[in-house]
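Bear in mind these aren't lab numbers, they're just calculated from the coordinates by the rules spelled out. Bear in mind the structure is a predicted one, so any value in this text is a computation, not a measurement. Ideal geometry is used to build each Cβ from the backbone, glycine not excepted, and the neighbour counts take in all protein chains shown.
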Amino acid sequence: MTQRWHTVNPEEAVTAAFFRIWQTRMVDVPILNPALSVEAIDFQRWQGHWLGMVVTPWCMSLTLLPGTAQGWDSVGVNKRRFVHFPAGDFAFLGGQEDELGEYQSCSLFSPMNKFGSQFEAVQTARAALIGLLTAPAAATAAATTAPASVQGKAGAPAAKVTSQHKVMSRRGFFALRKP
């Protein structure tokens, strides 16, 4: 696998890679939503790497690209790894594209037939990214209001409280964000 460290925001390269995929490999795939295009959204530094969303006519994915060798867990194409975020653990698959080198993605929506416009898809992507980086309120409240018998020094939650950590599914992630 080609390894490339992205020292600057990779949004332009991500857009180019997925636009090429759309125009080549995905051109005649029947699940494409004609109301949507390819867009890389809100890429930002996260633990020394780049995290953002990719909206395409066929999927919406969280996407990780390496910013440095330090802390990057290379997994190989179509190999899975779990990444921990404040909202829970999410499964990412390794990928490889000429414009990007190695990257990892976690599909949140596919197909994209529930979206009527690019604006709607982008707003959903932004909300999902914010939700991913925010601890669920119920878990935070439970940890801070745990009885003294299960709290450690200075009222901090003890292992019993934090051991309830579970891997969250995509459906569970979005269920947390219902109004």
**Prompt:** Roughly how many nanometres apart are two label points built 7 Å out from the Cα toward the Cβ at Asn78 and Val29?
**Reply:** 1.4
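For Asp28, Asp89, what ranking results if the residue with the fewest other Cβ atoms within 10 Å of its Cβ goes first?
By the 10 Å Cβ count, ascending, the order reads Asp28, Asp89.
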**Item:** Options Thr68, Gly131, Thr56, ranked by Cα towards positive dipole end of segment 11-132, top entry (Cβ charges)
**Value:** Gly131
**Request:** Using only Cα atoms, locate the centre of segment 17-57 and the centre of segment 85-110, then give the distance between them in Å, rounded to an integer.
**Result:** 11
**Fill in**
Two pseudo-spin positions, 7 Å from Cα along C-beta at Phe19 and at Asp89, lie apart in nanometres by 3.8
**Asked** Taking 0.36 nm per residue of separation and subtracting the Cα-Cα distance, what length does fully extending Thr134 through Ser117 add?
**Response** 3.5 nm
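With +1 on the Cβ of every Lys and Arg and -1 on the Cβ of every Asp and Glu, and nothing else charged, how large is the dipole of segment 1-113 about its Cα centre, in debye rounded to the nearest 20?
Dipole magnitude for segment 1-113 comes out near 260 debye.
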**Fill in**
Projected area averaged over all directions for the convex hull of the alpha carbon atoms of segment 11-132, nm², comes out at 7.0
